[in-house]
Amino acid sequence: MQTPPRGILTTLLALLLGFGLMQMSNTFQGTLLSIRGGIEGFSPALIGAVGSGFWAGIMIGSLRCGKVIESVGHIRAFVAFGAVASTAPLVHLLVVNPIAWVVARALTGFCFAGLFIVVESWLNSAATEQTRGKILSIYGMTGLLAGIVGQLLLPSTNPAGFRPFCIITIIIAVALVPIALTRAVAPASEGRAARISLTALFRQTPFGLVAAFLCGVTTSAFFALGPIFAQGRGLDTTGVAIFMACGTLGGFLFTWPLGWLSDRLDRRLAIIGAAIIAAVTLLTIVAVVPNEAPRWILYLCVAIFGGTIVPTYSVVMAHVNDSVGAGEFVAASGGLLIVQGAGAVFGPIVAGLAMSMWDRGLSVTLITAQLLIAGFGTYRLRCRAAPPERHKGTFVVEPAVPVATTFEAAQSRVS
């Protein structure tokens, strides 16, 4: 018997509420660790390594958690991942050591990957073919909105104390409740999808893979080290929270306009344009806007910067889907997620090392990444025409932390 519409709506709201709380705790924890790491005397390189650890955990979890879920079931796996994820933040408080922090953050990423895979599976089970794209977009936008709230929780407590870690643990624990109480049913396994190698995917869409990697570099480096950059501009804890929230807010506000534009142009033009705007905006912040300038100018600039880097991966995903065969969408998405994840692991490490050597290391890293996107994209425009209009799909907002419900099988499809 089919679930009545009201039951489906209740399930969707519960799943989105739980996911939103998870993402809220994640952004709060990411910014907190950057600031607390500085308080504990960690160098930018070590803080970057901690940020990189989260994305390493996401990558490993995206590839491995599916087997755990298949072996013990969605409910048991969800409870296990949630229990570990809710206790991992306390490790940062109990063991003040950069290696321990990297391991704890990687463990958090691994568990969040498993939690998100379960949530996305349940969302898929509640969606129809007609509503799946809309539900995924709402899911992605929910993550961005929750990220804004998570950043703004930072001033509510002292980052040098123990309370913020306890708050994060409580939020994660509470996030499990609405999801655990839903009547959602995970979809049955549909078997293996079409296989595709990264080499073959690169031949089909070289710009897609390069842009995905550089998107990972940019977003992960910014959110891991942006708080340190903001402190260097003279911002206090409240100012840092607003600075980071504005970056996410820009992504929230610019996502639909950029997606709408990419549906009507060659998507590569939209990606190139966004990269150029991001580079110019960040250059303006470091070279034009003085430290004593009104804060709203800095917040506006970072909102524009966030608005051009946060949604870009969704456009890249849409561009890749336009370029591959209809039966290769899932495998291509898995390959792209691996490449984006590799960039997300790489970005904070490189940017952290750069910041340890000179003050503008983060800015140089981010601007370089955006100029590489724009430069390679311009080169590819001259080499290959855009995919035919009949092959063009509709833009869908990707989650801020993409894992995909089929990603755990990507290792068997991507080589």
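Summary of computed values
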| quantity | calculated |
| --- | --- |
| J(HN,Hα) series, the stretch 363-377, from Karplus relation 6.51 cos²θ - 1.76 cosθ + 1.60, nearest Hz, glycine and proline x | 4, 4, 4, 5, 5, 4, 4, 5, 5, 5, 4, 5, x, 5, x |
| Carbon and sulfur %, accessible surface of the stretch 172-321 computed with the full protein complex present, 1.4 Å | 69 |
| Over the stretch 78-119: Kirkwood hydrodynamic radius from C-alpha pairwise inverse distances, Å | 10.3 |
| The chain, dipole about Cα centre (Lys/Arg Cβ +1, Asp/Glu Cβ -1), debye to the nearest 20 | 500 |
| Ellipsoid semi-axes in whole angstrom, largest first, where each is sqrt(5λ) of the Cα gyration tensor of the stretch 283-328 | 37, 9, 4 |
| Under Karplus coefficients 6.51, -1.76 and 1.60, residue-wise ³J(HN,Hα) of the stretch 142-147 in Hz, glycine/proline x | 4, x, 5, 5, 5, x |
| Residue-wise HN-Hα coupling along the stretch 290-300, computed from phi with Karplus coefficients 6.51, -1.76, 1.60 (Hz; x: Gly, Pro) | x, 4, 8, 5, x, 4, 4, 5, 5, 5, 5 |
| Gained length - ARG163 relative to LEU9, 0.36 nm times residue gap less alpha-carbon distance | 51.9 nm |
| Protection proxy ranking of 169-177, 90-98 - average other beta-carbon atoms within 10 Å, highest first | 169-177, 90-98 |
| Spacing of the two label points (7 Å from each Cα toward its C-beta) at ARG132 and VAL288, in nm | 4.4 |
| Within a Gaussian network of the chain (alpha carbon springs, distance under 10 Å), most fluctuating of ARG183, ARG36, ARG267 | ARG183 |
| Average Cα contact separation per residue, the stretch 73-135, under 8 Å, 6 or more apart, as relative contact order % | 35 |
| Choice from GLY343, GLY61, GLY361 showing the highest fluctuation, given a GNM over the chain with Cα pairs closer than 10 Å | GLY361 |
| Cα principal axis extents for the stretch 42-95, largest first, Å | 42, 24, 10 |
| log₁₀ of I(q)/I(0) at q = 0.10 Å⁻¹ - the chain, Debye sum with one point per alpha carbon | -0.63 |
| Candidates ALA211, ALA293, ALA241: whichever shows maximal mean-square fluctuation once the chain is modelled as a Gaussian network with Cα springs under 10 Å | ALA293 |
| Spin-label model distance (nm) - ALA200 vs VAL72, 7 Å beyond Cα toward Cβ | 3.5 |
| Rule-of-thumb Rg ratio for the stretch 2-67 [Cα; 2.2 N^0.38 Å; N residues] | 1.63 |
| Contour excess over end-to-end distance, with Cα ends at VAL95 and GLU40 and 0.36 nm allotted per residue | 18.7 nm |
| Over the stretch 237-374: Kirkwood hydrodynamic radius from C-alpha pairwise inverse distances, Å | 16.1 |
| Heavy-atom accessible area per residue - the chain, 1.4 Å, Å² | 41 |
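The values are calculated or read from the model by the stated rules, or taken from the named source; none is laboratory data. All of these numbers come straight from a predicted model, not from anything done at the bench. Counting neighbours? That spans all protein chains shown, and the Cβs are built from the backbone with ideal geometry, glycine included. Ligands, DNA and RNA are excluded from the accessible area calculation, which covers all protein heavy atoms including side chains. Shrake-Rupley method; radii C 1.70, N 1.55, O 1.52, S 1.80 Å.
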